[in-house]
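The values are calculated or read from the model by the stated rules, or taken from the named source; none is laboratory data. Computed from a prediction, not measured in an experiment: that's the story for all the values here. Note that each Cβ is placed from the backbone with ideal geometry, even for glycine, and that neighbours are counted across all protein chains shown. With ligands, DNA and RNA removed, areas are computed over all heavy atoms of the protein, side chains included. Shrake-Rupley method; radii C 1.70, N 1.55, O 1.52, S 1.80 Å.
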Amino acid sequence: MKSEENKVVKNTEQQNAPSLKEILKAEEAELKAKQKAEKLKKKQKVAYDINGKVIPDLNVKHVRGIESKKSWYGFYFVLPWIIGMVLFFIIPLINSLRYSFANVIPEEGYMQLDWVGLEHYVYLFKKDENFTTNLLGAVGDFFTSMPIVVIVSLILALILNSNFKGKTLFRGIFFVPVIVATGVVMMHLTDPFGGFGAIVQLSSSVTEDAYSAVGTSGGMDFTELLNSLELPTDITAWLSSMITDIFNTIWTCGIPVVLFIAGLQTIPAQLYEASKVEGATKWEEFWYITLPSIGQTLLLVIIFTLIELLTQTSNPVINQAYALINNTEYGISSAMLWVFFAIIGAIIGIVIFIYSKLCLKRWE
Amino acid sequence: MSTKEIQLKKTVPALNKHKVKEKATGLVVSIFRYVLLIAISYIILYPLFALISFSIQSKADILDSSVTWIPRAPTFETYKVAWEYLDYGNSFLNTILIGMVSAALEIFSCAVAAYGFARFKFKGRGLLFGLVLLTAIVPVQILVIPQFLNYRYFNLGYLIDLINLIPGVNIPFLDLSDSPFTFWLPSLFGVGLRSGLFIFIYRQFFMGLPKELEEASWIDGCNPLMTFVRVVIPSSGVVFLTVSIFAIIWHCNEYYQSVIYFSETFPLSVMLAGVRDSLWHTGVLDMYLAPYVSAACLMFIAPVLILYLFLQKKFIQSIDRVGIVG
C-alpha cells in the first residue's frame, strides 16, 4: 500500500513539476512587474493611497509656493550682486592671479606685464627664507589657537545662553571685543615694537593678573608651575604659549560667541523638555541635542575663525606682502598672497570635508 | 491611616533629599559660572581701563613707578594733542562719509541679494551662492592692488574701453581713487566689506520667515519687489539691526583697503594707525608715547562704544532672535 501511495505521490509530483516551475516563473514575473510599477510611481513622485488611487499632491502640483512660482524673479533680485561680483571681485581676482606670473610695471592707465612664468613662486620657496618661516608660523599659530578659540567661545556661549542673574550685563561686556577687536586699536594694543611697550606689557600682565584673580597661582610664575609638573617639554611649551595668549584668545572669541548664541537660540525647547522626561543628564543633553543641533553653526564659526586668524593684522605673511606692496613689487606680493590663499582654501576644504564626513552625517 | 498617606510619608523625604542634592550642585555650578565670567570680563575690560588710566597720565606719572592705576597728576593735555594729530574733526567726517554711507548701502544691497537666494529657485542658484561664500573666504588683501588700479583708472566695467574703440573717440578713464566711491560702489552692489557674511546671515533669516505672508501679498497683487519692501523688511527688523551694527563697526575699523585707496582724505582708522609714527617723528620720546596713543585709541573707540551702549539691549535681544542656523 505504502509503495503504491508513494508512487502516486511521485507521479503527481512529476506531473506537477513543470507546472510548479511555471507558477514560480509567473510569480517572479509578476513581482518584477510590480517592482517596475513601483519604480515608475516613485519616478513620477505621485502619491498613491491604499487602493492604488492617485492622491493629488497639494504641495507640488496644484498650489505652488512662491519659491517655484516665477522663480526667475529671484534672478532680478540677485542681478545687482552678480554685476558687482564680476566688476569688483572676479576681475580683480583674475588680475591679481595674472600679476603673480609677471613683473608688474605701473604705466598710465594700465599695468605693463612682463611674463616671467613661475619665477615668483620659485623665488618665494627657494630664495626667500622669511617667507617659508612666516608661512609655517602663520599656519602653525592657526592650528594651535583655532581649537582653543572654538571651544572657549562655545563654552562661553553656553554659559551666556543659560538663565542666571546679571546675564544681560555679562553679555554686554562680552560683546565689547566685537566692537574693539577688529581694528587698528588692536594693532596698537599688541604692537611689540617701539614706544608702545607699556600696553604690550599690559597684555602680558593681564594674564598674570587674571591668574591671581582666579586663584590658580597667586603671583607665582606660571611657567615654573608648569615645569614642576614634569610634563613633556612640548606640552609645557604649548600650554605656556596658550596661557600667555589668553588675552588674544579671549578677544578673538567675540564674534564666535555671538554666532554660537544665535545658533543656540534656534534649538527648539521641546527637545530639552523631552530629554528631561527621559531622564537625560546635562552631559548627554549636550552631546545628543545641543551639539548636533548647532552642527552648521559650528562649521560657520570654524570657517569664520579660520579667516579671522589668518588675515589678522598681526599675521606675518600679510605684513610681508604689504611691505612688498609699498616697494611696488606687485608681482611677488601677489604670488605670495596667492600661495597663502591657496593654503587657506586647502585648509578650509579639508576642514569642511572631514567635518561633514565625521560629524554632520553622524548627527543627522 | 490609609495606604495613600503611608506612601506619601515615604516618598516626601526621598524627594527632599533629591532636591537638596540638586540645590547643592546648582550652587556649585552657579559659583563656578560667576567666577569664570568675572575672570573673563576682567580680561576683556582690563585693556579698556588701562587705556583710560594711561591716557590721563602726565610725564611725571609715567616716571613715577608707584603709579599703577590712578595718576597723581592727571592731565587732559593728551586728548588735545591726540585730537590734533588725528585731525579728528576732518577724519571723523571722512569716516562718516565713507564708512557710514557705504554701511547703509551695504545693509540694503545685501538684503536684496539674500532675499533672491532665499526665496526663489532660479537656475544656477547653487553656483552663485557658492560664489557668495567664495567672496567671504577670499582675503581682502589679495584683491587690494588690482582693485586700486580698477578705481584709479575706472572704465565702468570696460564700457569706456568699448567706446574708445570707435576711431576718433578718446574718453579718459575716471579717477575714483581717494574718493568715497571706492567704498560706495562695491557696497551698492552688495560686494563690499564682508558682504558675503552679511548675505549669508540675511539668507538664513529670510529662509526661516513664514511664506504665507508673502504669498498673501502676491495674491493681493504686489510684485515681488513691493512684497520685499512692504512685507519682508518690516518683519525682519531683528536681522537688519544685527547686520547694521556689524556693518557700522567693521566699516569704522576698516584699515587695509583705506590705507591703499586714499592718499589725501583719510578716515579715522588710517590716521590712528599712523598716530604713533607721526608723534615719534615730532620728537616725542618713546617712553612718553603711550598716553597720547591711548588717548587717540579711546577717541577712536568712543563713537562706536556710545552707539553700542545705546543699542546694546536691542542688539543682544536681536541676536537671540536672528537664529543663524548655518
* Asked: Points 7 angstrom from Cα along the Cβ direction at B:LEU159 and B:SER278: gap in nanometres?
  -> 3.7 nm
* **Convex hull volume per residue in cubic angstrom - Cα atoms of the stretch A:75-114** => 59 Å³
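Can you flag which of A:LYS167/A:LYS357; A:LYS36/B:LYS211; B:LYS80/B:LYS314; A:LYS39/B:LYS123; A:LYS167/A:LYS276; A:LYS357/B:LYS23 are past 30 Å Cα-Cα?
Values: A:LYS167/A:LYS357 36 Å; A:LYS36/B:LYS211 37 Å; B:LYS80/B:LYS314 34 Å; A:LYS39/B:LYS123 28 Å; A:LYS167/A:LYS276 24 Å; A:LYS357/B:LYS23 41 Å.
Among A:LYS167/A:LYS357; A:LYS36/B:LYS211; B:LYS80/B:LYS314; A:LYS39/B:LYS123; A:LYS167/A:LYS276; A:LYS357/B:LYS23, the Cα-Cα distance tops 30 Å for A:LYS167/A:LYS357; A:LYS36/B:LYS211; B:LYS80/B:LYS314; A:LYS357/B:LYS23.
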* To do: Express in whole angstrom the spacing between the alpha-carbon centres of the stretch B:74-144 and the stretch B:152-199.
  => 17 Å
* To do: Could you sort the residues of the stretch B:168-197 by number and keep only those whose accessible area is reduced by 30 Å² or more in the all-protein-chain setting relative to the chain alone, 1.4 Å probe?
  => B:PHE189, B:VAL191, B:ARG194, B:LEU197
* For the pair B and A, how large is the buried accessible area, both sides, in square angstrom to the nearest 100, if the probe is 1.4 Å? -> 9400 Å²
* How many nm separate the modelled label positions at B:LEU309 and B:LEU45, each set 7 Å beyond the Cα in the direction of the Cβ? -> 1.3 nm
* J(HN,Hα) series, the stretch A:342-352, from Karplus relation 6.51 cos²θ - 1.76 cosθ + 1.60, nearest Hz, glycine and proline x -> 4, 5, 4, x, 4, 4, 4, x, 4, 4, 4
* Can you list the residues, at least 5 places off or on another chain, whose amide H is less than 5 Å from the amide H of B:SER177, using H built in the peptide plane? -> B:ARG152
* Structure fact -> Scalar couplings 3J(HN,Hα) for the stretch B:265-274 by Karplus 6.51 cos²θ - 1.76 cosθ + 1.60 (θ = phi - 60°), nearest whole Hz, x for Gly and Pro, are 8, 9, x, 4, 5, 5, 4, 5, 4, x
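Enumerate by residue number the trypsin sites (Lys or Arg not before Pro) in the stretch B:24-100 meeting two conditions: DSSP loop (anything except H, G, I, E, B), and at most 11 other Cβ atoms within 10 Å of the site's Cβ.
Those satisfying the criteria are B:ARG72.
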* For the stretch A:273-289, 3J(HN,Hα) per residue [Karplus equation, 6.51 cos²θ - 1.76 cosθ + 1.60, θ = phi - 60°, Hz, x = Gly/Pro] -> 4, 4, 5, 5, 4, 6, x, 6, 7, 4, 4, 5, 4, 4, 6, 9, 10
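At 222 nm, what helix-only mean residue ellipticity would chain B give, in deg cm²/dmol to the nearest 500, using -39500 (n - 2.57) for each DSSP H run of four or more?
Values: 16 runs with 229 residues, N = 326.
One gets -23000 deg cm²/dmol as the mean residue ellipticity at 222 nm.
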* To do: Give me the percent of the accessible area of chain B that comes from carbon and sulfur atoms, probe 1.4 Å, all protein chains in place.
  => 68 percent
* Structure fact -> For A:ALA102, other-chain or 5+-apart residues with amide H closer than 5 Å (H placed, Pro excluded) are A:VAL116
* **Solvent-accessible area, 1.4 Å probe, carbon plus sulfur percent, for the stretch A:75-114** => 67 percent
* Asked: Do you know which residues of the stretch A:103-144 lose at least 50 square angstrom of accessible area in the protein assembly compared with their chain on its own, with a 1.4 angstrom probe?
  -> A:GLY109
* **Area projected by the alpha carbon convex hull of the stretch B:85-322, averaged over all directions, nm²** => 17.8 nm²
